[in-house]
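Below is one structure, written out as structure tokens; the observations come after it.
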Amino acid sequence: MLAPHTPQEILSATPPAPGVLSGDQPFGSLTLPVALTASLRLTPEQFQRLCEANPEAVLELAADGHVIAMTPTCGETSSRNSRLLIQLGIALPSCDSPLRIFDSSGCFRLPDGSVRSPDASLVLEERWQALTAEQRRQFPPLCPDLVVELVSPSDEEPSGLTALRQKMATYQRNGARLGWLLIPAERAVEVWGPLAGGEQGRRLEQATRLEGAPEFPGLSLDLEPIWAE
């Protein structure tokens with residue numbers, strides 16, 4: 001195994017030519033996971049540069065600077081996530097407050113210094129417009145107002161659900177007004193937010209529709225298309 005790379009070595013390395021798998025370049029497709037060791041810590045600015053140099057990688061950043069390698073989405077979950085975005089788009093016009101929608105590739109720099117990418121998220125338009133043009137082009141420095149995470153088959157083990165619940169708690173601590181953790185295999189939802197009470201979601205069994213009120217009056221999400229096989 002290669003020795004761990006420092007943040008400076010990773011960020012100063014020259015990426016290999018497209019399509020070339022390098023065994024000794026930190027930016028090579030084979031060596032990126034090796035470089036992301038438990039001892040490596042990056043600032044949000046360094047993390048953004050790492051993501052820009054490795055667009056094929058799916059990464060997040062923990063509050064302590066640890067880089068989290070995410071699993072790419074498989075077909076069933078990708079299809080469900082697309083339907084989730086469609087249903088949110090359908091629901092937005094009925095919401096009393098203008099909201100902007102973001103997909104799963106959108107990362108946000110949270111107040112605690114972590115960089116996270118919900119499966120879907122909504123930001124109040126007034127908060128988005130308050131950002132500078134430069135902030136919008138980078139990882140926006142805010143926590144979304146509403147975050148949605150979708151449990152995939154690989155997340156259904158207890159450890160996977162625990163990690164997602166920790167992620168939902170992170171959003172809650174950083175100012176998210178509402179969070180929905182969708183569990184398709186059980187047609188269940190955990191609602192996180194002011195109504196959750198501590199770091200545990202309020203569980204809804206056999207849910208068919210989610211209401212955004214009182215945080216987002218008028219917002220109503222149809223779950224049936226998302227639950228469909």
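The values are calculated or read from the model by the stated rules, or taken from the named source; none is laboratory data. Small disclaimer: the values here were computed from a predicted structure and weren't measured. Neighbour counts run over all protein chains shown; Cβ positions are idealised from the backbone, glycine included.
Looking at Ile90, Ile86, Ile101, can you tell me which residue is surrounded by 15 or more Cβ atoms within 10 Å (Cβ to Cβ) and either in a helix (DSSP H, G or I) or touching a strand residue (DSSP E or B) at 6+ places or on another chain (Cβ under 7 Å) (or both)?
After applying the criteria, what remains is Ile101.
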Out of Pro98, Pro55, report the one residue that is in the same structural domain as Leu223 (by TED's automatic domain parsing) and not aromatic (Phe, Trp, Tyr).
Pro98
Need the failing condition index for Pro153 against (1) within 16 Å of Ala185 (Cα to Cα); (2) in contact with a Pro (Cβ under 7 Å, 6 or more places away or on another chain), just the number.
(2)
Can you tell me which of Pro55, Pro111, Pro118, Pro72 is surrounded by fewer than 16 Cβ atoms within 10 Å (Cβ to Cβ) and modelled with pLDDT of 95 or more?
Pro111
Which ranges mark the strands (runs of 3 or more DSSP E) fully within segment 125-229 that have 2 or more residues being farther than 27 Å from Met70 by Cα?
209-211, 220-222
Mind telling me which of the residues Gly201, Gly197, Gly160 ends up being buried (at least 21 other Cβ atoms within 10 Å of the Cβ) and at pLDDT below 85?
Gly201
Considering residues of segment 75-108 that are modelled with pLDDT of 95 or more and among the β-branched types (Val, Ile, Thr) only, the residue farthest from the chain's Cα centre (by Cα):
Ile90
